[in-house]
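Here is the structure we will look at.
The values are calculated or read from the model by the stated rules, or taken from the named source; none is laboratory data. Small disclaimer: the values here were computed from a predicted structure and weren't measured. As a convention, Cβ positions derive from the backbone with ideal geometry for all residues, glycine included, and neighbour counts pool all protein chains shown. The protein model used for the area step is the full one, side chains on, heavy atoms only, and it has no ligands, DNA or RNA in it. Shrake-Rupley method; radii C 1.70, N 1.55, O 1.52, S 1.80 Å.
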Amino acid sequence: MNFSEVFKQSNQLCKVSPDGKYLATCVQYRLVVRDVSTLQILQLYTCLDQISHMDWSSDSLFILCAMYKRGLVQVWSLEQPDWHCKIDEGSIGLLSSRWSPDGRHILNTTEFHLRVTVWSLCTKAVSYIKYPKACQKGIDFSRDGSYMALAERRDCKDYVSVFVCDDWHLLRYKVLLYSLDGRLLSTYSAYEWSLGVKSVTWSPSSQFLAIGSYDEKVRILNHITWKKITQFEHPANINNTKAVVYKEVEKRPAVGSDDLSLHNITIGTTLFNTQSKYEICPPPVQIPVIKPDPDRANPKIGVSTLAFSSDSRYLATKNDNMSSVVWVWDMQKMSLEAVLEQTSAVRCFQWDPRRPRLALCTGNTKLYLWSPAGCVSVQVPTEGGFQVQSLNWHCSGDTLILIGKEQLCLCYMDTDQEDK
């Protein structure tokens, strides 16, 4: 495992192009595009204001930069650096901006969720979609990019409308689980008279629908009958003898007098970084639980994060009132495979897109990796105490992009040796 030098970035805006060839980063109002292999700068674009959001088109030919405070979107071309596009939403404002799957349309959601504006880069045509619902993820597309599902709020009722992406006309709307011909397949409620569903995700194989709830459980539905086939619980006391519980243990390195020079201290070396390793704990194991404040809105309780491995074999979950713990479930055996207990709250975890390997970070100077073979804690060897706030895998699975508060670096995985 090797690490690159550290580069500047702002607002954690760092993304690899879908084809895996380029790395785009934002530094204030500048957009920097690098070659992933050499990290050499290929293009440098200057926007009209500080960039709030950045995204690649699906074919890796264009980059969208949104400046929400100004209500502006600028689009840049990699093939023709002199070409650019500016979209100004004017006084109606701008809340979010994203690409359509074809990479030739931009969908802008205006302030107060008054409408979604669809801009065509090819024909310069504009389409308007009314009544978008104010929610976290109100727009999604089918895998082939032919259809768009939009959460709507009209006449004091919630709807899910399906649009055809060719001309953005309304196909049909239904609620909850539905087919594209409008048939209502199923509705599901985990329980009544309480806070309900908190997170939902499909497995890559589309065989399973995982539903995380505020009652700290994950229900697994199958794609044939839409019935619950099992549920996973997150107990504070683990007695499962078949699951492996990994506990991170910290150890501060011994510092000699020769190391305490003014030079070593002032340049911010990794001299004082806490080292850690995983220890396997035999059952029973007590999991640290944070008691949520019942008087506060959005209580820190329930399963908020769900992620399937690329082969759909494993499911990783996080229960918010056990914020320092990641649970890994075996979907073939329908049982708990592993538990990772960290010393700090888990900020982010993500599966390798090619292998059953999970990467996670907790906002410190370390990278953590789990695979069926075991668990490892890796110190990021950068000067100045680089703290990993989030991470993203390269589409090849050979590289991890580690993102700090104002910097980023790349971690290169020795996959050839690992595969042997």
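If I build a Gaussian network model for the chain, linking alpha-carbon pairs within less than 10 angstrom, which residue out of P292, P381, P132 has the largest mean-square fluctuation?
Per the Cα network of the chain with a 10 Å cutoff, P292 tops the list.
Among all stretches of the chain without exposed GluC sites (Glu not before Pro) (DSSP loop, at most 15 other Cβ atoms within 10 Å), which one is longest? Walk me through the intermediate numbers first.
Details: sites that count: E5, E79, E192, E383, E406.
Here the longest run is 193-382.
In percent, how large is the relative contact order of the chain, given Cα pairs closer than 8 Å and 6 or more residues apart?
Values: 963 pairs, mean separation 46.2, N = 420.
Reported as a whole number, the value is 11 percent.
Stretch R98-Y128 to full length: gain in nm at 0.36 nm per residue minus the Cα-Cα span?
Details: separation 30, 0.36 × 30 = 10.80 nm, distance 1.48 nm.
Full extension of this stretch gives 9.3 nm more.
Using the heavy atoms of the protein chains and a 1.4 angstrom probe, tell me the accessible area per residue for the chain in square angstrom. Before the final figure, lay out each step's value.
Working: 21760 Å² over 420 residues.
Averaged over the residues of the chain, the accessible area is 52 Å².
Identify the trypsin sites (Lys or Arg not before Pro) of segment 113-174 meeting these criteria: DSSP loop state and at most 10 other C-beta atoms within 10 Å of the C-beta.
On the way: sites: R115, K124, K130, K133, K137, R143, R153, R154, K157, R172, K174; in loops: K124, K133, K137, R143, K174.
In loop regions of segment 113-174 (DSSP not H, G, I, E or B), the sparsely surrounded trypsin sites (Lys or Arg not before Pro) are K124, K137, R143.
If amide H atoms are built 1.01 Å from N in the plane of the peptide, which residues on other chains or at least 5 residues away come under 5 Å of the amide H of T110?
Amide H to amide H, under 5 Å and 5 or more residues apart or across chains, T110 pairs with L95, R115, T117.
Of the listed pairs K291/K333; K137/K157; K15/K405; K242/K318; K366/K405, which have alpha-carbon separations greater than 23 Å here? Don't skip to the answer; put the middle values down first.
On the way: K291/K333 31 Å; K137/K157 17 Å; K15/K405 15 Å; K242/K318 20 Å; K366/K405 14 Å.
Checking Cα-Cα distances, K291/K333 exceed 23 Å.
In whole percent, what relative contact order does segment 308-409 give with Cα contacts below 8 Å and a gap of six or more residues? Intermediate results must be reported in sequence, preceding the final value.
Values: 221 pairs, mean separation 18.9, N = 102.
Worked out over segment 308-409, it gives 19 percent.
Test of understanding: in a Gaussian network model of the chain with alpha carbons linked when under 10 Å, which of K277, K291, K300 would top the mean-square fluctuation ranking?
K291
Express in whole angstrom the spacing between the alpha-carbon centres of segment 184-228 and segment 28-63.
So the two Cα centres are separated by 38 Å.
Would you mind telling me the share, in percent, of accessible area of the chain contributed by carbon and sulfur at probe 1.4 angstrom?
Details: 10630 of 21760 Å².
Looking at the chain in its full context, I get 49 percent from C and S.
Could you derive backbone 3J(HN,Hα) for segment 211-218 from the dihedral phi with the Karplus parameters 6.51, -1.76 and 1.60 (θ = phi - 60°), listing whole Hz in sequence and x where the residue is Gly or Pro?
10, x, 10, 5, 8, 6, 10, 10
Of the peptides 373-379, 158-164, how do they stack up when ordered by the mean number of other Cβ atoms within 10 Å, highest first? Show your work: numbers first, answer last.
Working: 373-379: 15.0, 158-164: 16.6.
Highest mean packing first, the order is 158-164, 373-379.
Taking 30 Å as R0, compute the FRET efficiency from the Cβ-Cβ separation of A373 and D144 and round it to 0.05.
0.25
Which net charge results for the neighbourhood of V244, defined as the other residues with beta-carbon distances under 13 angstrom from its beta-carbon, given Lys and Arg at +1 and Asp and Glu at -1? Please list the in-between numbers first.
Details: positive: K242, K247; negative: E279, D330, E337, E341.
Counting the neighbours of V244, the net charge comes to -2.
Considering the dipole of the chain built from charges on the beta carbon (Lys and Arg +1, Asp and Glu -1) around the Cα centre, which of N319, M54, M413 is farthest to its positive end?
Farthest towards the positive end: N319.
Could you give the size of the charge dipole of segment 299-384 about its Cα centre, using +1 on the Cβ of each K and R and -1 on the Cβ of each D and E, expressed in debye and rounded to the nearest 20? Working shown, then result.
Details: 9 positive and 7 negative charges, 21 e Å.
I would put it at about 100 debye.
If each DSSP helix of 4+ residues adds -39,500 (n - 2.57) and the sum is divided by the residues in the chain, what number results at 222 nm, nearest 500 deg cm²/dmol?
Numbers: 2 runs with 10 residues, N = 420.
So the helix-based figure for the chain works out to -500 deg cm²/dmol.
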